[in-house]
1. Looking at D:11, D:42, D:85, can you tell me which residue is under 24 Å from the mean Cα position of the chain (by Cα), over 27 Å from residue D:145 (Cβ atoms) and loosely packed, with under 14 Cβ neighbours inside 10 Å?
2. Taking the criterion of being among the polar types (S, T, N, Q) and over 18 Å from residue B:211 (Cα atoms), would at least one residue in the stretch B:123-139 satisfy it?
3. Among the residues of the stretch D:238-263, which ones are within 7 Å of chain C (Cβ to nearest Cβ), without any contact (Cβ under 8 Å) to a residue 40 or more places away in the chain and surrounded by 15 or more Cβ atoms within 10 Å (Cβ to Cβ)?
4. Can you pull out the residues in the stretch A:164-178 that are in a helix (DSSP H, G or I) and open to solvent by 70 Å² or more (accessible area, probe 1.4 Å)?
5. Pull out all pairs, ordered by first then second residue, where Cβ-Cβ is under 6 Å, the residues are six or more apart or on different chains, the first lies in the stretch B:29-42 and is farther than 21 Å from residue B:175 by Cβ, and the second is at pLDDT below 95.
6. Can you name the number of the only condition in (1) in contact with a Pro (Cβ under 8 Å, 6 or more places away or on another chain); (2) open to solvent by less than 10 Å² (accessible area, probe 1.4 Å) that residue A:47 fails?
7. Tell me, which residue of the stretch B:70-97 that is farther than 19 Å from residue B:138 by Cα and part of a loop (DSSP other than H, G, I, E, B) is modelled with the lowest pLDDT?
8. Return the total of residues in the stretch B:270-282 being within 8 Å of chain A (Cβ to nearest Cβ) and open to solvent by 10 Å² or more (accessible area, probe 1.4 Å).
4 protein chains.
Amino acid sequence: MSQVSLSDLNAADKADFVAALANVVEYSPWIAEGIAGQRPFAGINQLLDAIKAAIQSAAPDVQLALIRAHPDLANKTQRAAGLTAESNAEQNSAGLDRLSEAEYAAFERANDAYRAKFSFPYIVCARRHTKDSILRDFETRLQNIAKTETRRAIEEICRIAALRLDQLVAADDKLNVHGRLSTHVLDNHNGRPAPGIAVELVELAALGESRVIARAVTNHDGRTDAPLIGGRPLPIGRYELRFSVGKYFAARGVQMSDPPFLDEIPLRFAISEPEGHYHVPLLVTPWSYSTYRGS
Amino acid sequence: MSQVSLSDLNAADKADFVAALANVVEYSPWIAEGIAGQRPFAGINQLLDAIKAAIQSAAPDVQLALIRAHPDLANKTQRAAGLTAESNAEQNSAGLDRLSEAEYAAFERANDAYRAKFSFPYIVCARRHTKDSILRDFETRLQNIAKTETRRAIEEICRIAALRLDQLVAADDKLNVHGRLSTHVLDNHNGRPAPGIAVELVELAALGESRVIARAVTNHDGRTDAPLIGGRPLPIGRYELRFSVGKYFAARGVQMSDPPFLDEIPLRFAISEPEGHYHVPLLVTPWSYSTYRGS
Amino acid sequence: MSQVSLSDLNAADKADFVAALANVVEYSPWIAEGIAGQRPFAGINQLLDAIKAAIQSAAPDVQLALIRAHPDLANKTQRAAGLTAESNAEQNSAGLDRLSEAEYAAFERANDAYRAKFSFPYIVCARRHTKDSILRDFETRLQNIAKTETRRAIEEICRIAALRLDQLVAADDKLNVHGRLSTHVLDNHNGRPAPGIAVELVELAALGESRVIARAVTNHDGRTDAPLIGGRPLPIGRYELRFSVGKYFAARGVQMSDPPFLDEIPLRFAISEPEGHYHVPLLVTPWSYSTYRGS
Amino acid sequence: MSQVSLSDLNAADKADFVAALANVVEYSPWIAEGIAGQRPFAGINQLLDAIKAAIQSAAPDVQLALIRAHPDLANKTQRAAGLTAESNAEQNSAGLDRLSEAEYAAFERANDAYRAKFSFPYIVCARRHTKDSILRDFETRLQNIAKTETRRAIEEICRIAALRLDQLVAADDKLNVHGRLSTHVLDNHNGRPAPGIAVELVELAALGESRVIARAVTNHDGRTDAPLIGGRPLPIGRYELRFSVGKYFAARGVQMSDPPFLDEIPLRFAISEPEGHYHVPLLVTPWSYSTYRGS
C-alpha cells in the first residue's frame, strides 16, 4: 500500500486530508473532519492521539453508530457481499478466510450470542490475534455488561485505527504497535552459534489445522536474518518452533545414537503481548537442550 | 502367564523339561532336547547361554529350517490362519495388529522384497521395536548379503528366546533384557520437586497415528511411581513426553501471562538402546525449561 | 561412642536409666528422673517427646536454672576449664575450636552483649550451625525480648537433646534430625553420567578461613558413594562445591581451547534447613553448565 | 594518546612519517624508513602489512638485532632504568608492575632460563596476556628450538606493532586486534532481563592476588552498558564473574530461604582467544542457574 507522508497530510487542504484518512476508522469520515483543524501534527503519535480523543469524546449515540458500522468477524454472508479492503486484510491476517467447518460454526455461535446480548457486532483488532485467541476473547467478553463492552469495542476500534495509521502514514516517529519474535541457536557441544539449522514456526490451532507460518535457516551467528514475526503485532496465540538439530550434528560428524536421541526439537509457547519482544532461544547438545523467554 | 521355577526345570524328567521350554524357540523342541542333559543349570543366564549355544552351533541347514519356522511380520493371511501365542503377543507389542493401510502396504512391500532376496522370512525381536523402527530395520538389512542376514536372523531368534525365557522361568538371577524409561519434574521456580503434574508418553509414528502409551501423575518427589516403561525392553523408536505445567503453576498461584507462556511442554526424543536406562527429566519455571539424558 | 539400646533403657532400674541419660541435657539429671516412670517407651521419638515435655512444662525458675547450666559458646576461659565432652564435641563441630582472632573477638562481643541483656548464656544447637550462622543468629536473637529468648533457649536445648539422644540410643525408629547433601555430575556432551570427577566441598567463612570439609570422586553413575554431608544435621551456612571438569574432558579426548573454557567449576550456595535434603547437581559440557536445587 | 590520521601520514614528508611511526616497533626507525616509499597506504591494514613484510623479510642478523632491542619482561633493573613509554604501558597492562614476590621470582627464573638457552630476550605481546598466561607461555616456548623461537619472537613483535599502530593511527578501516567480553542476566523466575545486578569481573592469579578488573551494574536489558572488556585484546587467562543475585531477588520480594540458596554467583572461565567475542550469560532463578559460551 502506498504511504502518505505526515508533512503532506499537514499541508493538504481539508478535503484531501479527510479523504486520505477516510478508512482509518471504518466508514467514519467525521473523525478526520473533526481533527483537521488541529493540524499541523508534530508526529504520528500526536495524530493518533487526536483520532482517539475524537472517538472517545464522541456522544454515546455517535459511538454506538461507529461500533455498528463494523462488520461481523468471519461472517460468510458479509464477506461475500464485500468488506472494506482494510477489514478484509485484517480478518485474513488472523486466518478468518481459512476456517474449518468446526471453526466457522464456533464463530457463528459466538457472533450470534454476542449480537443477541449487546445488539452490536463484536469488534476486535484482528491483527493482534489468532483464530483461537479471538474465540477465547469472545467467551471472556460475553461475560461483560453492556457498558464495559461498549468501552472495550471503542478500545479495539482505536487499536485498529493505530495499525491502519501505521501502514498509511510515513512519519519521523513510530507508533508502538509492532512486536517481534526471534530465536537463536547455541551449540553447547561446540561452544559456538549453530548455523544452518532449519527452523519452522507453527501456529497451533485448537479446532482447525495447525500451520507453518514462517520458515528460516540460522545464519553464522545462530540467528535468523529477519525476525520470525516482525513489523506487525504478534498475534496472541499458541506456537511451536521446530529445529532440525539431528541433521546439524550429523553434518558435523558428532557421534550420536541411531536414531539420534534428539532430532527435531519442538519448543511450544504462547504469546500474550502483541507489542512485546519474544526471544525464544535454543541451547542444545546432542543430549540436552533448554529454552527460556529471553530478550 | 504362569511361570515355572528353574529348580523345577532342573528336577523335571526330560519330557517335561522339553515340554516346558517348547515355545521358547518357535517350533523347535530339538533345542530343549539337546540341552536337557546339561542340567542342572546354575541360573537362568546359564540356561539361556545353553540355548544360544545350541542354536549357534547347529548345522547350516538346521539353522535355515529354524529361520523358516518363523512367520512373516504383520502378514494378514498368516495372522488369520493363526500364529503361536508368543508370536502373536510379540507382534502386537509392536503394534503390528493396529496398522494403518499405509503401514500394511509398507510391511507387505518390505516382506516381499526380503523374501525375494533371501528366500526366508525377515525375523526381528519385535518387543525391542516400534513399527517405525522395524520398517527402518527392514531397509537396513535388505542391503546385507545372505550370509550376514542369516547371522542377523539367528541373533534375533536368540533375543526372542531370551525374552520368552525371561517371562517363563523364575530364577534367582535375572536376564539383562529389560530397559527403563523414567522422568522427574523439578520446579526451579520454587526450588523443589513438582508433584501432581500430568505426564503423557506418546509413541510417534511416521505413517500411522501417534498414540499415548502411558499416562502418569508426578508424586511428591516429582517422579512417577512406576517407570513410564519398565519390566521389558524399550522399543526402539521416537517418543514425546508431554507435561501439563501450566495447570501446575496456576494451581500454586504463580503469576503468569494469559495464555501462559508455557502450558503443555513436549519433550521429543528417540530410544536406541532397548536394554538401557533413559532418564528424561524436566527442569521448569513458568518461563524456561530444560531436559537432558540423565541417569 | 557406644550406644545403649532402647529396650535396655526400658528394662533398666531407675538409677541406671538416669545415669544413661545423664548427659542428654547438660547437668540436669532431674529430667531423666522425672520421666523414668513413663517407661516403657515405644520408640526413641516417644522418649524424646517425654524429655521435651519435661523441659517445657518445668517451672520458670527451673527452666532458667537449666539455661544457666549451659556454657558460653567459644569462650576460651570456660573451654580451658573444661566443658562436658558433649558440649566440647558440639562446639568443635561448628569449628569453634579453630577461630581466627577476628572471629574470637566477634564471639566475645556477642556473648557479652547477650549476657548483658538477658543475664543468661546464649544457647544454640551448634551441630546445626557454622561459625558464620551462629554469629548471624546472635545478631537476630539479640533483638528479641527476654520472654521470646527464654523460649528460644529452651527450643535449642531440646534440639541439642534430640541429637545427643540420636547418638546415644539405638532404636527401631529414627529421629528426624539428619540432613543430606548430595551431588550428581551429568556429562551433557556425551549424554551420560560423568565418573572420576574430583569434587571438593568447602565451607565458606566470612571472617576466618574457608576450609575443605569433604572430598570425593564421582562413581560410574556420576554420584559420590556417600553423601557429601550425611548422618547428621547440615550446618546452616554458605558452601562451595568445586568440580574438576577440565581434567575429565581432557582425559576423554574432547577438543577444548587452551586453557580450557571451563576447568574447575565452583557452585556456591547456602544451606538453611539442617534436616533437609540438598541435592546440588552439575550438568556440564566443555562450554556450558547448570545447577539447581534438586531432589 | 593523541592519534595521527592515516591521510596525514600518507601526505607527510618522509622524516615526519618516520618520526610518527618511530615507536611502533621498539627502537627500529629503519622499518618506517623502508616502507615510506610505498605510500599512500589505502588503509591501516595495508600499512600494518607493509610493516610486517619489512620485519619478516629482513636479514637474519637484522631480525636478531630487532629482537635484542626489546627489554626483558618484569625485570626490576630494566624497569628502574626506564623502558619506552609503550613497553612500560604494555607490561603494566598485564600487571607486571604489581607482581608478588613469588611472581617476581618466577619471572626472574623464566627470563634467566630463556636467555641462557636462546641468548635473546623472551618477547610476548603483553596486552594479549595475564601474568599467569605469560608464565605458562614461557614454559611452553622454553621447549622450542632456537629457529622456532626466533620465528615466534618475530610474530610477537608484529602483534605488538599491530596494537601500537591501532592506538596511534586513525583510519577508516580497523585492525582486527580487539576482543570483547560481555554478559547478560536473564531472570527465569520472572521471564525477563534482570536489571540492577552488580557484576564484578575478577582476574584470577595462580601465585599472586586475584583482583577485580571491572565492575558494572546490569541495565534494563540485563546487560552492561559497555563490554566488561572491550576496545583491546582479551588477556589470555582465568577469570571469575560474580553476580549479586540474592539482593536482586530480595528487592523484588521473591520468597527465599534464609540465608538465600543463591546469593553471590561465581562463573569461572578462561579466555584463550584474545581477538574473540566471549559472551558469558547468566540464566538464573532463586534456585537454579546456568551459563554457557554464547554469542
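1. Only one candidate qualifies: D:85.
2. Let us first name the residues in the stretch B:123-139 that are among the polar types (S, T, N, Q), namely B:130, B:133.
Okay, now just the ones that are also over 18 Å from residue B:211 (Cα atoms), so none.
No.
3. Step one: filter the stretch D:238-263 for residues within 7 Å of chain C (Cβ to nearest Cβ), giving D:238, D:257-263.
Adding the requirement that they be without any contact (Cβ under 8 Å) to a residue 40 or more places away in the chain leaves D:257-263.
Matches in the stretch D:238-263: D:257, D:259, D:260, D:261, D:262, D:263.
4. Of the residues in the stretch A:164-178, the ones in a helix (DSSP H, G or I) are A:164-168.
Answer for the stretch A:164-178, where residues must be in a helix (DSSP H, G or I) and open to solvent by 70 Å² or more (accessible area, probe 1.4 Å): just A:167.
5. B:29/B:22
6. (1)
7. Among them, the one singled out is B:82.
8. Final tally of qualifying residues: 2.
The values are calculated or read from the model by the stated rules, or taken from the named source; none is laboratory data. The structure displayed is predicted, hence computed values, not measured ones. Every residue, glycine as well, gets a Cβ built from its backbone with ideal geometry; the counts of neighbours run over all protein chains shown. Heads up: the accessible areas ignore ligands, DNA and RNA and are worked out on the full protein's heavy atoms, side chains in. Shrake-Rupley method; radii C 1.70, N 1.55, O 1.52, S 1.80 Å.
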